[in-house]
Amino acid sequence: MAKINVEISESSLMEWMHSVGYFLPRNEVELNRFERLHSPVVRTVDDDQVDPLAILNGTWQPRPIRPLDDSIINEEIAELSMAARKSQGLPNHIVDKIRANNKKNGSSDNTES
């Protein structure tokens with residue numbers, strides 16, 4: 001991404017302070033600048049799973065992550081592969097994409113419709 005050098009003068013200093021988040025934006029221009037500079041935060045943790053007191057007290061301990069069972073994953077992959085081969089249970093737009101991809105790659109199309 002190209003960097004844009006912006007000259008900040010004394011007259012525009014307060015406008016930029018409001019735009020970058022030191023102060024609340026006062027108008028649409030400052031708000032638009034602020035939103036471009038600061039992407040929205042996406043939370044992936046439920047509030048019920050967070051104990052703020054344990055974090056502040058230093059008593060929080062990370063829990064180990066259990067790996068997924070490979071047999072379950074392999075079964076799911078096998079089911080999806082079979083569905084893709086036989087085109088059963090797949091929506092028409094997905095079957096059309098598979099056929100187009102096979103034609104593009106030069107593979108034969110052995111799907112039953």
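Within this structure, Ala83 passes the test of being surrounded by 10 or more Cβ atoms within 10 Å (Cβ to Cβ) and modelled with pLDDT under 80.
Which ones in the range 48-59 are under 27 Å from the mean Cα position of the chain (by Cα) and surrounded by 10 or more Cβ atoms within 10 Å (Cβ to Cβ)?
Filtering the range 48-59 for residues under 27 Å from the mean Cα position of the chain (by Cα) gives 48-52, 55.
Residues satisfying the conditions are Val50, Asp51, Ile55.
Of all residues in the range 25-84, those being in contact with a helix residue (DSSP H, G or I) (Cβ under 8 Å, 6 or more places away or on another chain) and part of a helix (DSSP H, G or I) number 6.
So which of Val45, Val29 is modelled with pLDDT of 85 or more and open to solvent by less than 90 Å² (accessible area, probe 1.4 Å)? I'd like the intermediate steps shown before the answer.
Values: Val45 fails: modelled with pLDDT of 85 or more.
Exactly one residue qualifies, and that residue is Val29.
As a summary of the residue check, Ser11 satisfies the conditions (1) modelled with pLDDT under 90; (2) part of a helix (DSSP H, G or I); (3) surrounded by 10 or more Cβ atoms within 10 Å (Cβ to Cβ) except for the one numbered (3).
Pairing residues of the range 1-28 that are under 18 Å from Ser39 (Cα atoms) with residues that are open to solvent by less than 80 Å² (accessible area, probe 1.4 Å) and among the basic types (Lys, Arg), at Cβ distances under 8 Å and at least 6 apart in sequence or on separate chains, gives Ser19/Arg33; Val20/Arg33; Pro25/Arg33. Just one of the numbered conditions (1) under 30 Å from Leu90 (Cα atoms); (2) open to solvent by less than 80 Å² (accessible area, probe 1.4 Å) is not true of Asn74: (2).
The values are calculated or read from the model by the stated rules, or taken from the named source; none is laboratory data. Being a predicted model, the structure only gives us computed values, none of them experimental. No Cβ is skipped: glycine too gets one built from the backbone with ideal geometry, and neighbour counts run over all protein chains shown. All accessible areas refer to the heavy atoms of the entire protein, side chains included, with ligands and DNA or RNA removed. Shrake-Rupley method; radii C 1.70, N 1.55, O 1.52, S 1.80 Å.
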